[in-house]
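Novice: I'd like to ask you about the structure that follows.
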Amino acid sequence: MMLRSFYTRHLSSTLYSYTKHHSLPRTTACSITGATSFLIPPSQRSHSTATVEQSVSNHNNRLRLVEDDYCNDHSTSFPPLVGQAMNDLALETIQEYRNAHMMNSKTAALLLRQWVSLFRPRRVLEIGTFTGYSTIAMASALRGQDSDLISLEKDPGPLLLAERYLVQAGLSDKVTLLQGDALESLSILAKDQVQFDMIFLDADKGSYIKYYDTILENNMLTDEGMILVDNVLYFGQVHRVAGYHEDQPTPASKNINRVARKVDAFNKHVKHDNRVQSIILPLFDGLTIIKKA
């Protein structure tokens, strides 16, 4: 694995599962009608990193956390070495990062691994490493000497965590971590005419259109490749800001509403792009699957 600088990178069931069994020194976890919430002093609260009101995060029980536990327990597990590394990584992420909700759920990670196993992409691109939970999940299913995964992350702190746990999982030879602005990294990869069979987009939502256009305009997706885009329903607010629900977004979630509008703009952008075919699925926090038309 290479960790290098490019010239210049919802409250999930993972949190729920871990906060049931571990005490967290920096935050206190509690369950509110099935929704996990972090109790943080008011002066430190941020809707993007901490408490999300139940009316936003779990409307009509859209985060079915106990069902996720059942699904995880009755799905094929990660290989022991990988599973232990991911468990340790998830716990350390929750302990060290107030924005730990950015980490994917275990169920979502299992789906990503299954996806790689089914479609056997030779080259995978991840935009948004964070601490590497999804990175490890996808890399664990790569097969063949020439298969690899490149992951982009701006923040060097969580990237160091990802590097350490990729080594623990025995996957360091399959992954290249690129630290720096993701758009700059994409531009450099595009200049090198690098193509990918699978691209997982899970980075800053306000830049989704820019990432997407950079990929399509530079032919970075193979003809049979796919793009998976996470958080396209964003805390259950995207359909609300788009006028699909009589309940209006709550005043307490202004930051979430702002991001939800940007995600809605991205969804519309993809919908009206005749270069691709796409489907949005109400899985997790919303997942879009995109392929060339």
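Read the figures in this text as sums done on the coordinates, not as results from a lab. Remember, it's a predicted structure, so these values are computed and weren't measured experimentally. Methodologically, a virtual Cβ is constructed for each residue, glycine included, from the backbone with ideal geometry; neighbour enumeration extends over all protein chains shown.
Novice: Given charges of +1 on the Cβ of Lys and Arg and -1 on the Cβ of Asp and Glu, with all other atoms neutral, how large is the dipole of the range 93-154 about its Cα centre, in debye to the nearest 20?
Specialist: 180
Novice: What nm distance separates the two modelled labels at GLU96 and LEU118, each placed 7 Å from Cα along Cα→Cβ?
Specialist: 3.3
Novice: Right, another one. Pop the C-beta distance of GLN193 and ASP88 into the FRET formula with R0 = 30 Å and round what comes out to the nearest 0.05.
Specialist: 0.20
Novice: While we're on this one: For the range 154-225, which trypsin sites (Lys or Arg not before Pro) are both in a DSSP coil and crowded by at most 13 other Cβ atoms within 10 Å?
Specialist: none
Novice: Follow-up. Need the C-alpha centroid separation for the range 125-172 versus the range 197-272, integer Å.
Specialist: 23
Novice: To two decimal places, what compactness ratio does the range 180-293 give when its Cα radius of gyration is scaled by 2.2 N^0.38 Å? Can you show the working numbers first?
Specialist: Working: Rg = 14.8 Å, N = 114, 2.2 N^0.38 = 13.3 Å.
Ratio of Rg to 2.2 N^0.38 Å for the range 180-293: 1.11.
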